[in-house]
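The values are calculated or read from the model by the stated rules, or taken from the named source; none is laboratory data. Computed from a predicted structure; not experimentally measured. Note: ideal-geometry Cβ built from the backbone for every residue, glycine included; neighbour counts use all protein chains shown. The area values use the complete protein model at the heavy-atom level, side chains included, leaving out ligands, DNA and RNA. Shrake-Rupley method; radii C 1.70, N 1.55, O 1.52, S 1.80 Å.
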Amino acid sequence: MLGYVTRRLLYAVPLLGVISVVVFGVMHLAPGNYCTNLKLQGEARYAQCVARTGVDQPLPVQYGKWIWGILSGLDFGHSFQNDQPVAAQLFTAGSFESGTPLVWTLVLGLGALALSWLLAVPLGVYAALHRGSWRDWLVNLFGFVGLSLPNFFLAIGLLWALVVVFRVGTHCWTSPQLGETVCMGVSGLFDGGYVGAGWSVEKLLNLLWHLWPAFLVIAAANVAASVRHVRGEMLGVLAEPYVQTARAKGVRERVVVFKHAFKNALNPLISMLGYWLPQMFEGALVAAMILQLPTVEKAYWTALRQGDQYVVMAGLLFFSVVLVLGNLLGRLFVVAALLF
């Protein structure tokens, strides 16, 4: 196992090198650069920007400096827009409450993963045990709808329902912790003055209220896909001879389903965990933009709109690393499922 992991990591090194070249090249395909927009403010401003950022240097020189900074000290460059290191802006900017992007990206991803399992596994097993019934049909319909709806459509629809239908913004109360009136919101991490307040049960509940729509949006597609996988695997295992033999011996149905069939049906689902990791980051982008959550994806999208090239390149490289690691984890989970 260790040798396999080592080989896969060694294969990933030249792959990431090629990806870095492609990322750098794509960023420089468009005409102009970050300083081009400043020409409207005068040639002096443009010249100052060029001198500060070095965007007029030959592309091989720019790429060499960028990649050497990453290899020598994980220095991904400097943000032109905010005048701070790229790593700080993309991953660690801000306090925990106001938004540390990488932390909140992991919180959303892991929370959505847990939610998808909590919903998908019982639904898939239930549908398999009621094959051909209207309940099975209803679960299958849910799966098709979940796979068909884009994340952005679900996020906008959920936001519309909360604001227009349930009018959550009109629900206000006097906070015992803050001593002031707080109105319920649906974007960001906290309502009102909770950002600067100390941690309490009240503040934690307010945080969970703001996070559950994002969990739902990110998990929706994975729940739909997982339900179909669990259902299919359960149907396959329930038809196996050893399950039929256990039933013929008079073993209780509950024991047959959960001790014999369910354990074996769950192995393929575990093996897919690594492949779902990149999808979680994809869903987090949509949720972060619509619900205004401080994640890596939101910081990347903001930099992309501003043409902040080093932040964008670091973001693309980061997502590529996530994809490579996700594929590696997926293969490891497959091997582990076969062994155990």
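Here the spin labels are modelled as points 7 Å beyond Cα on the Cα-Cβ line, and at Ser72 and Arg331 they lie 3.3 nm apart.
In the assembled protein chains, Asp83 presents an accessible area of approximately 100 Å² (probe radius 1.4 Å). Set the Cα radius of gyration of the stretch 206-340 against 2.2 N^0.38 Å, with N its number of residues, and you get 1.43.
When the charge dipole of the chain is built from unit charges on Cβ atoms (+1 for Lys and Arg, -1 for Asp and Glu) and taken about the Cα centre, the candidate among Ala225, Leu59, Cys35 whose Cα reaches farthest toward its positive end is Ala225. Taking a spot 7 Å from the Cα of Cys183 along the direction of its beta carbon, which residues of the stretch 131-173 have an amide N less than 20 Å from it? Only 159-173 pass the distance filter. Computed over neighbours whose Cβ is under 13 Å from that of Arg231, the net charge equals +1, Lys and Arg +1, Asp and Glu -1.
For the chain, modelled as a GNM whose springs connect Cα atoms under 10 angstrom apart, the maximal fluctuation among Trp134, Trp66, Trp117 occurs at Trp134. With R₀ set to 56 Å, the beta-carbon distance separating Trp160 from Leu59 gives a calculated FRET efficiency near 0.80.
Taken about its Cα centre, the chain carries a charge dipole of roughly 1200 debye when the Cβ of each Lys and Arg holds +1 and the Cβ of each Asp and Glu holds -1.
Amide H contacts for His78 (H built 1.01 Å from N in the peptide plane; partners 5 or more residues away or on another chain; cut-off under 5 Å): Val86. Within the stretch 217-296, the proportion of Cα pairs with more than 22 Å between them is 43 percent.
Note on the stretch 1-72: along the principal axes its Cα atoms extend 61, 24, 17 Å, ordered by decreasing extent. What are the membrane-span-like helices in the chain by this rule: whole DSSP H runs, Cα extent along the axis at least 24 Å, mean Kyte-Doolittle hydropathy at least 1.6? Going by DSSP H runs, the hits are 2-27, 101-129, 309-339. Per residue, the convex hull spanned by the alpha carbons of the stretch 91-226 comes to 128 Å³. A dipole drawn for the chain from +1 and -1 charges on Cβ atoms has a positive end, and of Val50, Ala93, Gly315 the residue lying farthest that way is Gly315. If R0 is 56 Å, the Cβ-Cβ spacing of Thr170 and Leu106 corresponds to a FRET efficiency of close to 0.95.
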